[in-house]
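Please read the structure below before turning to the comments.
The values are calculated or read from the model by the stated rules, or taken from the named source; none is laboratory data. What you are looking at is a predicted structure, and each value in this text was computed from that prediction instead of being measured. Cβ sites come from the backbone with ideal geometry, for glycine too, and all protein chains shown count toward neighbours.
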Amino acid sequence: EKDYERKYMYAVRYELIKTCKQTGARLGRLHTPHGVIETPIFMPVGTQATVKAMTPEELKDIGSQIILSNTYHLYMRPGHDLIERAGGLHKFMNWDKPILTDSGGFQVFSLGPLRKIKEEGVEFRSHLDGSKHFLSPEKATEIQNALGSDIIMAFDECAPYPADRQYVKNSLERTTRWLERCKAAHKYPERQALFGIVQGGMYKELREQSAREITAIDLPGYAIGGLSVGEPKEMMYEVLDYTVPLLPEDKPRYLMGVGSPDDLLEGVLRGIDMFDCVLPTRIARNGTAMTSQGKVVVRNASYAEDFTSLDPECDCYTCRNYTKAYLRHLIKCNEILGARLLTIHNLHFLLKLMENVREAIREDRLLDYKKDFFEKYYGK
Ligand code: PRF
Ligand code: ZN
């Protein structure tokens, strides 16, 4: 027990390089068992042990340093025991850089009427065949231990929005008790870093209570959950304004499920180090590109004979080789290559954005960068 508490036993170590003089933004490095990540970072989402449409080589080419995967989906199919027999998730999917897995809490809560929450855990029916299952802090930790991801997330409850105060208070207190159980169940703290998750909805006192309780449990990193669940953007920024300063400075801070260009910049300005979001990969597959000049809906008729690239400022594989007219044709025909080329571009765009953000922090000019970025992105 004593050894277990010692900081240097942890699987990941956060190194703060500098804080931007114009803002609260932090430049750092996260040392993990599968390599060093430069922060702030965006993590592409690979729910089913694949970032949809991308090979690991392609992901590396566009600069992905870490990807996210999901406990719930891999538990349902093909099963964590199978992945463990395959040699772990890294080997199974041929990705040798860091992996973070979400605990399944959020996914199970998204099942709506298919689930029942108790102190012990959550009972739910599979989205695949309706079969009955149970996830608990112990089970979510056991699954993530078997997957072998570098960073594993606590089993939490993300309260819906809106939710009344008493509901959110009960929920965050249970999330703290569940974190204690995750930590006790975690078998490999020297190989896998367990991150706690601050909840508390949109209530200042409840965010403060959750941050106090969660950070009282010594862990190698902390996340902010329960945001980007339908609340107005301004409300999320306000919650970040008072919650981020309650997190320890010497640990990484991860804002879960957030990743539009606005939210990335606003999050970084407030001191967030890690983000993930399905947005860039999801909209790519239905034909929308994020570019330096804003969103481009490739499907639109106006691009039928547009023989220029998606983004004049982008040097990704897609922009170096293909026109909007061709991409529009592929997307309209539902050709797989269309989804692949747009995914390559969108991920490259967000990863490049974060690289630019890191450089701006290094040079104490993040506010200037933000202004320039949005002038082009929104044309104002
Ligand atoms: N908890 C977990 N995963 C998440 C969230 C959360 O609150 C969110 C909320 N935006 C996204 N993913 N475990
Ligand atoms: Zn591009």
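Please give the strands (runs of 3 or more DSSP E) falling wholly within the range 119-181 in which 3 or more residues are in contact (Cβ under 8 Å) with a residue 40 or more places away in the chain.
Numbers: elements: 122-125, 132-135, 151-153.
In the range 119-181, the matching strands (runs of 3 or more DSSP E) lie at 151-153.
Check Arg299, Arg282, Arg320 and return the single one that is basic (Lys, Arg) and in contact (Cβ under 8 Å) with a residue 24 or more places away in the chain.
Details: Arg282 fails: in contact (Cβ under 8 Å) with a residue 24 or more places away in the chain; Arg320 fails: in contact (Cβ under 8 Å) with a residue 24 or more places away in the chain.
Answer to the check: Arg299.
Table: residues versus (1) within 16 Å of ligand 1 (Cβ to nearest atom); (2) over 12 Å from Ser103 (Cα atoms).
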{"position": "Ile117", "(1), (2)": "yes, yes"}
{"position": "Glu120", "(1), (2)": "no, yes"}
{"position": "Leu128", "(1), (2)": "no, yes"}
{"position": "Ser131", "(1), (2)": "no, yes"}
{"position": "Leu135", "(1), (2)": "yes, no"}
{"position": "Ala146", "(1), (2)": "no, yes"}
{"position": "Ile152", "(1), (2)": "yes, no"}
{"position": "Cys158", "(1), (2)": "yes, no"}
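Specify which of the listed residues (Gly148, Gly130, Gly112) is on the phi > 0 side of the Ramachandran plot, surrounded by 15 or more Cβ atoms within 10 Å (Cβ to Cβ) and not β-branched (Val, Ile, Thr). It would help to see each step written out before you state the result.
Numbers: Gly130 fails: surrounded by 15 or more Cβ atoms within 10 Å (Cβ to Cβ); Gly112 fails: surrounded by 15 or more Cβ atoms within 10 Å (Cβ to Cβ).
The conditions single out Gly148.
Within the range 50-95, work out how many residues are charged (D, E, K, R), closer than 23 Å to Ala154 by Cα and touching a helix residue (DSSP H, G or I) at 6+ places or on another chain (Cβ under 9 Å).
Filtering the range 50-95 down to residues charged (D, E, K, R) leaves 52, 57-58, 60-61, 77, 81, 84-85, 91.
Still in the list and also closer than 23 Å to Ala154 by Cα: 77, 81, 84.
Among the residues that remain, those that are also touching a helix residue (DSSP H, G or I) at 6+ places or on another chain (Cβ under 9 Å) are: 81, 84.
Residues flagged as charged (D, E, K, R), closer than 23 Å to Ala154 by Cα and touching a helix residue (DSSP H, G or I) at 6+ places or on another chain (Cβ under 9 Å) within the range 50-95 amount to 2.
Free of Cβ contacts under 8 Å to residues at least 40 places away in the same chain and surrounded by fewer than 21 Cβ atoms within 10 Å (Cβ to Cβ): is that true of Val36 in this structure? Don't jump to the end; show me each part of the working.
On the way: free of Cβ contacts under 8 Å to residues at least 40 places away in the same chain: yes; surrounded by fewer than 21 Cβ atoms within 10 Å (Cβ to Cβ): yes.
In short, yes.
Specify the residue that is nearest to ligand 1 (Cβ to nearest atom); the eligible residues are those in the range 88-115 that are among the hydrophobic types (A, V, I, L, M, F, W, C) and touching a Ser or Thr at 6+ places or on another chain (Cβ under 7 Å).
Here the answer is Leu100.
Pairs please, first residue from the range 100-112 and modelled with pLDDT under 95, second anywhere and near ligand 1 (Cβ under 8 Å from one of its atoms) and not in a loop (DSSP other than H, G, I, E, B), Cβ atoms under 9 Å, 6+ apart in sequence or on different chains.
Gly104/Met153; Gly105/Met153; Gly105/Ile197; Phe106/Met153
Identify the residue in the range 305-341 that is in a helix (DSSP H, G or I) and among the aliphatic types (A, V, I, L, M) and, among all such residues, is nearest to ligand 1 (Cβ to nearest atom).
At the first step, the residues of the range 305-341 found to be in a helix (DSSP H, G or I) are 317-321, 324-332, 336-341.
Imposing the further condition that a residue be among the aliphatic types (A, V, I, L, M) reduces the set to 325, 327, 330-331, 336-337, 339, 341.
Values: Ala325: 37, Leu327: 30, Leu330: 31, Ile331: 28, Ile336: 28, Leu337: 30, Ala339: 23, Leu341: 28 Å.
Filtering first and then ranking leaves Ala339.
Val51 fails exactly one of the following numbered conditions: (1) crowded, with 22+ Cβ neighbours inside 10 Å; (2) not in a loop (DSSP other than H, G, I, E, B). What is the number of that condition?
In the conditions (1) crowded, with 22+ Cβ neighbours inside 10 Å; (2) not in a loop (DSSP other than H, G, I, E, B), Val51 misses (2) alone.
Determine which member of the set Asp250, Asp276 is more than 16 Å from ligand 1 (Cβ to nearest atom) and either modelled with pLDDT under 95 or of a type in the set (D, E, K, R) (or both). Reasoning before the result, please.
Working: Asp276 fails: more than 16 Å from ligand 1 (Cβ to nearest atom).
One residue alone meets the criteria, Asp250.
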